[in-house]
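All of the numbers you see were taken from the coordinates with simple rules; none came from a lab. Here the structure is a predicted model, which is why all the values come from computation and not from measurement. As a convention, Cβ positions derive from the backbone with ideal geometry for all residues, glycine included, and neighbour counts pool all protein chains shown.
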Amino acid sequence: MRKLFVLTTLLMASTASVTVAKPASSATVPSGSVAVSNCAPQGKPAVTKGGLLRLADNHVMLRVGNTQSKYVLLPVQEAEEIAAIAVIDGSNNTVQRMNVKLAVDRVDYWVPYELKNAQLLDIVFHGDRRLKGAIADFVCWKEMKLSDCFDTTNTEKYRPMYHHTPQYGWMNDPNGMFYKDGVWHLYYQFNPYGSQWENMTWGHSSSKDLIHWEAQPTAIEPDALGDIFSGSAIVDKDNTAGFGAGAIIAMYTSAGKNQTQSIAYSTDGGKTFTKYAGNPVITYPAPDFRDPKVFWHEGTKRWIVVLAAGQEVQFYSSPNMKDWTYESSFGKEYGNHDGVWECPDMLSFGWDWVLLLNINPGGPFGGSATQYFTGSFDGHKFTCNSKPSTTKWMDYGKDHYATVTFSNAPGGRQVALAWMSNWQYANQVPTKQFRSANSIPRDLNIFTDGGETYLASKPSPEMDALRKSSGAKKAKKPTETCEIVVDLKGSASVVLSNSKGEKVTMAYDEGQRTLTMDRSKSGLSDFSEAFAAETVGPTHGVIRQLRIFIDRSSIEVFDAEGKIVMTNLVFPTEPYNNIKVKGGKATIYEIKN
């Protein structure tokens with residue numbers, strides 16, 4: 001039996017935790033999940049006689065205030081249009097708004113909403129109701145349940161085992177990552193009310209080893225300033241902001257009618273946050289102005305934030321995280337401009353600096369990707385040391401985006417995580433209970449080739465520890481969760497396949513100094529015309545060893561020196577259990593975790 005993650009706290013759609021039962025000894029629980037026995041959706045009906053008030057062909061109110069249950073479980077049908085729900089309390093105040101694809105014909109899954117002091121759900125359906133029938137006949141009224149718990153037992157064959165995933169719902173960009181007191185904290189863009197993008201909130205997970213993640217209550221929820229888009233977090237060791245020494249300060253984009261920057265602070269190690277009364281702290285008249293990454297610049301003794309503003313980045317400085325001064329901009333005519341710039345990050349390697357910059361669309365194989373620039377930064381201005389026409393990509397797969405690093409990492413490490421998907425098909429990949437995972441953790445450094453400076457990405461040392469904790473058991477054939485080390489003699493190819501004829505081919509051309517991965521016949525791909533693809537990238541020299549990480553629905557292949565990385569999703573109908581290597585020798589390590 002596979003030994004999988006068992007987490008102790010449920011990631012909730014509110015700041016309260018769900019009551020859960022301990023899983024049975026035979027339960028298998030994926031990363032980021034909790035097994036709950038004898039629980040929802042077998043709750044009691046939420047819609048009772050007289051409780052549903054029809055106001056128009058597309059508008060109803062539902063009374064929910066006369067129940068002792070903790071949650072209402074909302075049935076979702078992903079093919080439907082959004083229903084806008086306003087939650088109203090006993091004083092007729094709107095306490096929350098959310099968009100949910102309530103089921104009309106069938107139920108794909110349920111999502112929980114904690115009732116608290118809710119009295120009414122004011123629901124407006126969008127779309128053409130003439131095509132859907134009478135609102136009173138929608139299946140959601142029959143399938144909406146009341147319950148005191150929510151079952152997150154894994155139902156997905158493609159949920160990774162050793163990659164971070166949300167327990168349920170949608171996840172995209174990693175946010176606010178920091179390390180403190182032996183714990184890595186990962187926040188992320190989260191939709192608690194469906195497994196497609198909507199209702200952006202900061203979800204939260206924590207880990208002591210970057211592999212085993214414990215789900216935490218959601219951290220920062222939407223407010224009157226807007227949804228909570230991407231951002232970062234720092235440990236304010238010297239109390240520069242006045243919230244207390246060691247306070248965690250998160251800076252994020254408030255995505256209302258326009259995008260502005262706000263802060264919130266935590267005095268309990270990042271579990272709960274209080275929003276600053278003076279928000280927003282930075283404004284700018286542009287439609288795309290988001291994703292602040294904050295870091296301390298020792299030379300000028302100030303906080304610096306880098307923000308994406310359309311197709312450039314802007315730098316601001318502050319002594320206290322509250323009052324910000326514009327410093328400079330970078331980006332015009334540099335790198336790739338085929339899409340909107342997003343999720344910047346600044347990495348220091350002594351005198352050398354690297355500006356990470358995610359872009360969508362514009363990736364080398366379509367959709368989203370991470371480019372970067374190398375140069376210097378004096379606390380005021382970033383100066384690139386490459387020609388403006390030079391574009392450098394951090395990962396040469398299709399599924400590596402929104403890459404950012406942990407602040408306050410021990411030992412001066414630069415540890416990165418990426419969102420392991422692509423905006424071309426992220427909402428359509430063949431999972432329902434959850435969507436999206438993060439890449440394995442990667443330690444970053446720099447190297448030179450042909451007079452240019454490049455970014456190297458290696459699997460973090462925690463991945464070596466994972467192999468050892470699995471018993472370092474060598475396998476004769478690939479498994480659905482394994483690491484394959486291939487020692488190369490020159491040009492080589494590696495083919496992973498199964499009995500259904502599905503396969504992934506990786507090829508190293510020593511003469512051309514390229515690495516290629518072909519997933520066009522890897523398994524399920526009909527959910528998007530953009531999915532089947534071949535990706536190729538430069539190796540920046542000779543490769544002597546590849547490290548290939550397989551985790552059910554993803555393949556990440558690294559040059560052992562980190563000079564090229566390639567991340568691609570795959571959805572085989574059965575695991576790849578055969579391997580054929582030409583020009584090298586493979587050693588397979590089964591990962592049981």
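Given a cut-off of under 8 Å on Cα pairs at least six residues apart, what relative contact order in percent is computed for the chain?
It comes to 11 percent, rounded to a whole number.
Please count, across region 432-508, the pairs of lysine residues with Cα atoms under 19 Å apart that sit 8 or more places apart or on different chains.
Close lysine pairs found across region 432-508: 6.
Return the sequence-ordered ³J(HN,Hα) values of region 235-240 in whole Hz as given by the Karplus equation 6.51 cos²θ - 1.76 cosθ + 1.60 applied to θ = phi - 60°, using x for Gly and Pro.
Each residue's phi maps through the Karplus curve to give 9, 8, 4, 9, 6, 5 Hz.
Under 23 Å between C-alpha atoms is the cut-off here; go through region 309-412 and count lysine pairs that meet it, provided they're at least eight residues apart or on different chains.
Going through region 309-412 pair by pair, I get 5.
Can you tell me how region 98-200 classifies by the Cα gyration tensor, rounded, prolate or oblate, using a/c under 1.5 as the rounded cut?
prolate
Among the aspartates and glutamates, select those whose C-alpha is under 14 Å from the C-alpha of Lys132, and discard any that sit fewer than 8 residues away in the same chain.
Straight-distance partners of Lys132: Asp57, Glu80, Glu81, Asp105.
Can you find, among Pro361, Pro344, Val95, the residue sitting farthest towards the positive end of the charge dipole of the chain, where Lys and Arg contribute +1 and Asp and Glu -1 at Cβ?
Val95
Counting other Cβ atoms within 10 Å, keep those with at most 11, restrict to DSSP loop, and tell me which trypsin sites (Lys or Arg not before Pro) in region 229-273 are left.
Lys257
Let me know the shape class of region 426-482, please: from the alpha-carbon gyration tensor, a ≥ b ≥ c as square roots of the eigenvalues, rounded when a/c is under 1.5, otherwise prolate if a/b is greater than b/c, or oblate.
Details: a/c = 2.46, a/b = 1.26, b/c = 1.95.
Judged from the Cα gyration tensor, region 426-482 comes out oblate (a/c at least 1.5, b/c at or above a/b).
Show which lysines lie in cross-link reach of Lys180 when reach means a straight Cα distance below 20 angstrom and same-chain residues fewer than eight apart are skipped.
List returned: Lys208, Lys237, Lys271, Lys293.
Suppose each label sits 7 Å from its Cα in the direction of the beta carbon; what would the Thr587-Lys468 distance come out to in nanometres?
For the pair Thr587/Lys468, the computed spacing is 1.4 nm.
Can you tell me which aspartates and glutamates have their Cα less than 13 Å from the Cα of Lys70? Leave out same-chain residues fewer than eight positions away.
Within the straight-line limit of under 13 Å, Lys70 reaches these aspartates and glutamates: Glu114, Asp148.
In region 463-593, if the dipole is taken from +1 on Lys/Arg beta carbons and -1 on Asp/Glu beta carbons about the Cα centre, which of Ala465, His540, Gly511 is farthest to the positive end?
Of the candidates, Ala465 comes out farthest on the positive side.
Any chance you could get the radius of gyration and Dmax over the Cα atoms of region 514-593, in Å?
13.5, 37
Just to be sure I follow the definition: excluding the sites themselves, where is the longest run in the chain that has none of the GluC sites (Glu not before Pro) in a DSSP loop with at most 12 other Cβ atoms within 10 Å? Could the numbers behind the result be given before it?
Numbers: sites that count: Glu298, Glu333, Glu529.
After excluding every exposed loop site, the longest remaining stretch is 1-297.
Shape call for region 165-318 from the C-alpha gyration tensor, a ≥ b ≥ c root eigenvalues: rounded (a/c under 1.5), prolate (a/b greater than b/c) or oblate?
oblate
Using +1 on the beta carbon of Lys and Arg, -1 on that of Asp and Glu, and nothing else charged, what's the dipole of the chain about the Cα centre, debye to 20?
With Lys and Arg at +1 and Asp and Glu at -1, about 1540 debye.
Would you work out which of Ser553, Ala418, Phe243 lies farthest towards the positive end of the dipole of the chain, given +1 charges on the beta-carbon of Lys and Arg and -1 on that of Asp and Glu, about the Cα centre?
Ser553
Quick check: pseudo-label points 7 Å beyond the Cα along Cα→Cβ at Lys237 and Asp181, how many nm apart are they?
Once both label points are built, they end up 1.7 nm from each other.
Suppose the chain between Asp487 and Glu452 were pulled fully straight at 0.36 nm per residue; how much longer would it get relative to their current alpha carbon spacing?
Value of the extension gain: 9.9 nm.
Per DSSP H run of n ≥ 4, the term is -39500 (n - 2.57); total these for the chain, divide by its residue number, and report the mean residue ellipticity at 222 nm rounded to 500 deg cm²/dmol.
Details: 2 runs with 13 residues, N = 593.
Result for the chain, helices only: -500 deg cm²/dmol.
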